[in-house]
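Input: a single structure, listed below in structure tokens.
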Amino acid sequence: MFKKQYESHETVSIIFEGKNLDVEIGQTVASALLVVGNMVFRSSVV
């Protein structure tokens, strides 16, 4: 569904809701969360 614009083999660690995620340098937080299967970004009523 999504195509990478570049290849990077260097990673950086981020912590999201208590879970460590190793993501490629230059990748956005949103795309990193999508890659690991997180599809919910908000749970409040609009």
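Is it the case that some residue within the stretch 10-23 is surrounded by 10 or more Cβ atoms within 10 Å (Cβ to Cβ) and modelled with pLDDT under 85?
Among the residues of the stretch 10-23, not one is surrounded by 10 or more Cβ atoms within 10 Å (Cβ to Cβ) and modelled with pLDDT under 85, which makes the answer no.
Can you pull out every residue in the stretch 26-37 that is in a loop (DSSP other than H, G, I, E, B) and within 8 Å of the chain's Cα centre (by Cα)?
Initially, the stretch 26-37 is screened for residues in a loop (DSSP other than H, G, I, E, B), giving 26-28, 36-37.
Hits for the stretch 26-37 are GLN27, THR28, VAL36.
Of all the residues that make up the stretch 1-31, how many are hydrophobic (A, V, I, L, M, F, W, C) and without any contact (Cβ under 8 Å) to a residue 12 or more places away in the chain?
Taking the stretch 1-31 first, the residues hydrophobic (A, V, I, L, M, F, W, C) are 1-2, 12, 14-16, 21, 23, 25, 29-30.
Filter again for without any contact (Cβ under 8 Å) to a residue 12 or more places away in the chain, leaving 1, 15, 30.
Of the residues in the stretch 1-31, 3 are hydrophobic (A, V, I, L, M, F, W, C) and without any contact (Cβ under 8 Å) to a residue 12 or more places away in the chain.
If I filter the stretch 14-21 for residues that are part of a loop (DSSP other than H, G, I, E, B) and touching a strand residue (DSSP E or B) at 6+ places or on another chain (Cβ under 7 Å), do I get at least one hit?
Going residue by residue through the stretch 14-21, those that are part of a loop (DSSP other than H, G, I, E, B) are 17-18.
Okay, now just the ones that are also touching a strand residue (DSSP E or B) at 6+ places or on another chain (Cβ under 7 Å), so none.
Checked against the condition, which is being part of a loop (DSSP other than H, G, I, E, B) and touching a strand residue (DSSP E or B) at 6+ places or on another chain (Cβ under 7 Å), the stretch 14-21 yields no hits at all.
Take the residues in the stretch 30-46 that are under 16 Å from LYS4 (Cβ atoms) and in contact with a Leu (Cβ under 9 Å, 6 or more places away or on another chain), then tell me which one is surrounded by the fewest Cβ atoms within 10 Å (Cβ to Cβ).
The first filter runs over the stretch 30-46 and keeps only residues under 16 Å from LYS4 (Cβ atoms), leaving 30-36.
Cutting the leftovers down to in contact with a Leu (Cβ under 9 Å, 6 or more places away or on another chain) gives us 32-33, 35-36.
On the way: ALA32: 17, LEU33: 18, VAL35: 13, VAL36: 10.
Here the answer is VAL36.
The values are calculated or read from the model by the stated rules, or taken from the named source; none is laboratory data. A quick note: this is a predicted structure, and the numbers were derived from the prediction, not measured. Positions of Cβ are generated from backbone atoms using ideal geometry, with glycine treated the same way; all protein chains shown enter the neighbour counts.
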